[in-house]
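The values are calculated or read from the model by the stated rules, or taken from the named source; none is laboratory data. Remember, predicted model here, so these are calculated numbers, not experimental data. Don't worry about glycine lacking a Cβ; one is built from the backbone with ideal geometry, like all the others, and counts go over all protein chains shown. Ligands, DNA and RNA are excluded from the accessible area calculation, which covers all protein heavy atoms including side chains. Shrake-Rupley method; radii C 1.70, N 1.55, O 1.52, S 1.80 Å.
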Amino acid sequence: SSKTFWTTTGMFPQELIIGFPKCVKISKVAIQCYLVRTLRIERSTSKDPVGFEQCVEKDLQHREGQLQMEEFPLPEFEATYLRFIIKSAFDHFVSVHRVMAEGT
């Protein structure tokens, strides 16, 4: 829902894990967030959310008063879980408004 979002508790790093019903192939991940400075995306193919490996890490541009919209084209890989780690921020609290994964 565009009316909901996830917010941090003020300390960093913070993480958000998204699980899929089964292992899927992902070719692109996109995120809409606010005040995130450094974001890392990791994946796991395990049955449980363990054994993560880094896919990408990026410093995002600060957009005063606007959502940050970032796309991460990735070489097609498999994942059962995606972990989004907010390593640092432009303020004490940040928010994640939407996460999208494309693939099969």
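Taking a probe of 1.4 Å, how large is the accessible area per residue of the chain, in Å²?
61
Could you please report the charge total around residue 26, scoring K, R as +1 and D, E as -1 over all other residues with beta-carbon less than 14 angstrom from its beta-carbon?
Combined, the nearby Lys, Arg, Asp and Glu give -1.
How many lysine pairs does region 13-103 hold where the Cα atoms are under 17 Å apart and the two sit 8 or more places apart or on different chains?
Step by step, the pairs that qualify in region 13-103 add up to 4.
For the charge dipole of the chain, defined by +1 on Lys and Arg C-beta atoms and -1 on Asp and Glu C-beta atoms about the Cα centroid, which residue among 60, 24, 85 has the Cα displaced farthest towards the positive pole?
Going by the charge dipole, the pick is 24.
Give me P(r) over the chain, computed from all C-alpha to C-alpha distances, binned every 5 Å, as integer percentages.
2, 12, 25, 24, 20, 11, 5, 1
So, with a 1.4 angstrom probe, what is the percent of accessible area on the chain that is carbon and sulfur?
Heavy-atom surface of the chain belonging to carbon and sulfur, 1.4 Å probe: 50 percent.
What does the charge add up to near residue 104, with Lys and Arg as +1, Asp and Glu as -1, over the other residues with Cβ less than 11 Å from its Cβ?
The answer is -2.
Could you work out the mean projected area of the convex hull around the alpha carbons of region 30-74, in square nanometres to one decimal?
3.6
Where the only charges are on Cβ atoms (+1 Lys, Arg; -1 Asp, Glu), what is the dipole of the chain about its Cα centre, to the nearest 20 debye?
My answer is approximately 200 debye.
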